[in-house]
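Worksheet: one structure, shown below.
Quick note: the coordinates plus some simple rules give every number you see, no bench work behind them. The shown structure was predicted, so the numbers you read here are calculated from the model rather than taken from an experiment. Please note: Cβ atoms are built from the backbone with ideal geometry, for glycine as well, and neighbour counts cover all protein chains shown.
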């Protein structure tokens, strides 16, 4: 939770907000942020777009991208982050898409995860992961990586972190 505490503190310190778009984590990122006291000052909300069609319908992920690449792709994560920031009126959008298992999805092996942050002005930061372990371990590690990426972005824009 220390990571979420830091991210929320950095957001509050700059009067910024975040919204999350989650697929494989099914709401765990939102739950992690909202467990932080005072998070309502920075956390706007989120979308759990577990089904591929919801990524298009709710988050405006291009349908042709989803058809061509499937739901587990870096550009899908970036589009999800952009879409959720716009939808929720947040300064930052944070999104994850991937395969927690037990079976591969869209030809992608279990443990394939893409994380993206969309910031002010539409700038995108991303992280592509190949995680190991159980379904639960992959989901928890994805939350940690997503919170860490957002924290790094927030520090970078303040000149405190190299990314």
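Laid out as a table, the results:
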item: Spacing of the two label points (7 Å from each Cα toward its C-beta) at residue 9 and residue 155, in nm; result: 1.2 nm
item: On Cα atoms only, tilt of 135-156 relative to the major axis of the chain in degrees; result: 40 degrees
item: Residue 148-residue 35 FRET efficiency (beta carbon distance; Förster radius 22 Å; 0.05 resolution); result: 0.85
item: Mean Cβ count within 10 Å, highest first, over the residues of peptides 94-104, 26-36, 57-67; result: 94-104, 26-36, 57-67
item: Between the range 1-48 and the range 49-110, the Cα center-to-center distance that results, in Å; result: 18 Å
item: Rounded to 10°, Cα long-axis angle of helix 74-88 versus longest principal axis of the chain; result: 50 degrees
item: Gained length - residue 51 relative to residue 103, 0.36 nm times residue gap less alpha-carbon distance; result: 17.2 nm
item: Gain on full stretching of the segment that runs from residue 69 to residue 86 - 0.36 nm per residue minus C-alpha separation; result: 3.8 nm
item: Relative intensity, log₁₀ I(q)/I(0), of the chain from a Debye sum that treats every alpha carbon as a point, q = 0.09, 0.13, 0.15 Å⁻¹; result: -0.25, -0.53, -0.71
item: Residue with peak Gaussian network fluctuation, the chain [Cα springs, cutoff 10 Å], from 81, 42, 19; result: 42
